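The values are calculated or read from the model by the stated rules, or taken from the named source; none is laboratory data. Note that the structure is predicted; figures quoted are calculated from it, not measured. Neighbour counts are summed over all protein chains in view; Cβ atoms, including those assigned to glycine, are modelled from backbone coordinates with ideal geometry. Surface accessibility is based on the protein's heavy atoms, side chains included, excluding ligands, DNA and RNA. Shrake-Rupley method; radii C 1.70, N 1.55, O 1.52, S 1.80 Å.
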Amino acid sequence: MQIDTALLVDYAARTIWALAVVVVALLVARAMRRATMRMLARTRAQANVTILLGNLAQVTVLVVGILAVLAIYTKDAFGWILTSFSVIGLVIGLSLQDILKNFFAGVWVLVERPFRIGDTIEIVGASGIVEEIAFRTTMLKTPDGREVIIPNALFMTSSVTNLTRFPQRRGTLWLIVDDADKPIGADEIAAALAKVTGLANEPKPTVELRSVSDGKAHYLISFWAPDRDSGASAAVQALRARFPQGEVHAG
């Protein structure tokens, strides 16, 4: 049996190149995984996201290495193989586009963290406490005890209001008092709010006289509180106790 020396040399050369590509791909894949995880760790991303994206970076490099090895051995047929993979990938991508869109949006939410578990958010008419952030959906618990499941893709295309991003929220009240017999000054109203439990000391509550009509003064009161509803309730009680002749209602 006669052996084609040229063919053998060509095969040996391709094998050497393929082994070199495999070694380089393994080293680069490992370095990419470490670099990606290190970068995400600096942003304090969740551990499961850090591991997932690190593994995805590693797999991406390995896939490129496999394609390079196929190119070395298949030569002229590589174009056909690459086209086949492209068509298959396109079909899968189109059939799973909604799932993939929600998946990558979930990764973005977990990495960027526009909100965290325990935050209260509003989006597309839904409001509630964030109970769980998964790769495809985010679960909210509404004030009346219902669960709302939000596809993560909505966070990429809709406005999200994080109601608990900052430690304090601003609230307003109206105080309407009879100003004809005994005028009431803004300082007196502010003093009634100074010791109310539940209101922030800084910034201090502000009182502004907005109008006087039919002998009644209309004061707009602004305050900051960790819990705006409970703070407003405490402020209303304090104002009604101090000015029983006045009317107090939400701003």
Karplus 3J(HN,Hα) series, Hz, for the range 221-237 with 6.51 cos²θ - 1.76 cosθ + 1.60 (x for Gly, Pro): 10, 10, 8, 10, 8, x, 10, 4, 5, 5, x, 5, 4, 5, 5, 4, 4
Long-range HN-HN contacts of Asn152 with modeled amide H, under 5 Å: Thr137, Thr138
For the chain, built as a Gaussian network whose Cα springs stay under 10 Å, the top-fluctuating residue of Ile129, Ile51, Ile221: Ile221
Computed E for Leu94/Val160 - FRET, C-beta separation, R0 35 angstrom, nearest 0.05: 0.80
Rounded accessible area per residue of the chain, 1.4 Å, Å²: 65
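First check a/c for the range 115-192, with a ≥ b ≥ c the square roots of the eigenvalues of its C-alpha gyration tensor; if it is under 1.5, answer rounded, and if not, answer prolate when a/b is larger than b/c or oblate otherwise.
Verdict is prolate for the range 115-192.
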Computed over the chain, the ratio Rg/Rh where both radii use C-alpha atoms and Rh is Kirkwood: 1.33
Accessible area of the chain belonging to carbon and sulfur atoms, whole % at 1.4 Å probe: 61
Size of electric dipole in the chain: Cβ of Lys, Arg +1 and of Asp, Glu -1, about Cα centre, debye, nearest 20: 880
